[in-house]
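**Q** Below: one structure in structure tokens.
The values are calculated or read from the model by the stated rules, or taken from the named source; none is laboratory data. Bear in mind that the values here come from a model prediction, so they are computed numbers and not experimental data. Every residue, glycine as well, gets a Cβ built from its backbone with ideal geometry; the counts of neighbours run over all protein chains shown. Note: accessible area is taken over every heavy atom of the protein model, side chains too, but ligands, DNA and RNA are not part of it. Shrake-Rupley method; radii C 1.70, N 1.55, O 1.52, S 1.80 Å.
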Amino acid sequence: MNERLDHFMARANAAYYATYDPFADFTTAPEISQVFGELLGLWAAVTWKALGAPARISIVEMGPGRGTLMADALRAIDRAAPDFRAVASIHLIETSARLRAVQRERIGDTAIWHDCLDTVPDGPMIVLANEFLDALPIRQFVRRGPGWTERFVGPAGFVEEPSAYDPGIETPDGDIAERREPAEAIGAAIAARLMRDKGAALFLDYGPEFSAAGDSLQAIAGGQPADPLGPAGQADLTAHVDFARFGAAARQAGAQLHGPLAQGLFLARLGLFQRTNQLARHLSPTRAAAMMEGARRLAEPDRMGRLFKAIALLSPDAATPPGFEASL
């Protein structure tokens, strides 16, 4: 029986993350430079003050990986914003038992783990999510004449079945349009929380600023490109984030939206190079050069600086968050 692509992708990634160490296959921003997590921690601290410094607040990370980002963020918060740390509780949204164990080793027992956002306590919250949306399942539709078909996974590869769905984009026959409904649902759910309680959410991921046709589904296994339709659970499946649809879902649910903004510009505005230089002065020449190379990798346009974007969702009456100021 043919399986819808998003169902196949969800099943495959659940099996992969339960079995494999994804960070043996790819390197995310927190693993490239400690400054990345530090800056996001300080972003959260400044945003908390801009929200009126509520007496209690949840710091929520979605898809926390090895726990590196949160560990670096908390170290920076402890040093620079102890008043924020004193009122904050830490919540990690992670479904993999294996990754939860890794995160506990890095962060300790101060965090509370959740399968989804629904069980995070009511009240003000700040959400951080790096390379979380790209792993959520997608559907793919193919332009065929005046209409569209949808891609399913069959025994011998992709098969197409007629579909009434219209992505609403102009594209030639044979082109592919992608839709990530779980990401849109998360954007809307967070926006609903932000309408009820003060808060903010910061997402960093890769993809285009505007919706466009194209097949962005990819697989990584053993650090190398792999067949996305290979044995389910043996490769990490991802696809580009449609920031326009994600943002539209959040805005429609009432959230204030900032971005998407190129990651390189966003991190530079937060002080990526100043903090990196400060740390590098106390290192050996070899380690200092490696730290500077990490910062360039995160920010340079022809590397991660342009393809990766930052987008922020906020309560309707919240001030513009750090890094997104139009005057900069």
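**Q** R0 = 41 Å: FRET efficiency of Glu170 with Gln224, Cβ-based, nearest 0.05?
**A** After rounding, the FRET efficiency stands at 0.70.
**Q** Taking the highest mean first, how do the peptides 252-261, 295-304 order by number of other beta carbon atoms within 10 angstrom per residue?
**A** Result, highest mean Cβ count within 10 Å first: 252-261, 295-304.
**Q** Continuing with this model, one more query. Hey, in the GNM for the chain with a 10 angstrom Cα cutoff, which one of Asp21, Asp109, Asp78 fluctuates hardest?
**A** Looking only at Asp21, Asp109, Asp78, the biggest GNM fluctuation is shown by Asp109.
**Q** Could I ask something else about it? Students often get this wrong, so try it: which of [x] 20.0, 63; [y] 18.9, 55; [z] 20.1, 78 is Rg and Dmax of the Cα atoms in Å as calculated from the structure shown?
**A** Derived directly from the coordinates: [x].
**Q** Let me ask you something else. Per residue, how large is the accessible surface of the chain? Use a 1.4 angstrom probe and give square angstrom.
**A** 43 Å²
**Q** How many nm is it between the label spots at Arg196 and Glu3, if each spot is 7 Å from the Cα in line with the beta carbon?
**A** So the two model labels end up 3.4 nm from each other.
**Q** Would you give the gap between the C-alpha center of region 104-144 and the C-alpha center of region 202-235, rounded to a whole Å?
**A** 18 Å
**Q** Suppose a student asked you for the relative contact order of region 205-284, using Cα pairs under 8 Å spaced at least 6 residues apart; what percent would you report?
**A** 27 percent
**Q** Then there's this: Restricting to Cα pairs below 8 Å that are 6+ residues apart, what does the relative contact order work out to for the chain? Please round to a whole percent.
**A** 21 percent
**Q** In nm², what is the average projected area of the convex hull enclosing the Cα atoms of region 134-264?
**A** 9.8 nm²
**Q** Could I ask something else about it? Suppose R0 equals 45 Å. What FRET efficiency, 1/(1 + (r/R0)^6) with r the Cβ-Cβ distance, do Thr119 and Arg144 give to the nearest 0.05?
**A** Taking R0 as 45 Å, the efficiency between Thr119 and Arg144 is 0.60.
**Q** Rank Ala76, Ala129, Ala288 by mean-square fluctuation in a GNM of the chain with C-alpha springs under 10 angstrom and give only the top-ranked residue.
**A** Looking only at Ala76, Ala129, Ala288, the largest GNM fluctuation is found for Ala288.
**Q** Tally up the carbon and sulfur contribution to the accessible surface of region 1-147 as a whole percent, 1.4 Å probe, everything protein left in place.
**A** About 54 percent, which is the carbon plus sulfur part of the accessible surface.
**Q** Could you give the distance between the Cα centres of region 156-188 and region 258-285, to the whole Å?
**A** Centre-to-centre (Cα) distance: 37 Å.
**Q** Could you tell me what percent of the accessible area of region 185-328 is made up of carbon and sulfur, with a 1.4 Å probe and every protein chain present?
**A** Taking all protein chains in place, region 185-328 shows 55 percent carbon and sulfur surface.
**Q** Could you tell me the calculated FRET efficiency between Val87 and Ala244, based on Cβ-Cβ distance and R0 = 30 angstrom, to the nearest 0.05?
**A** That pair, Val87 with Ala244, gives E of 0.30.
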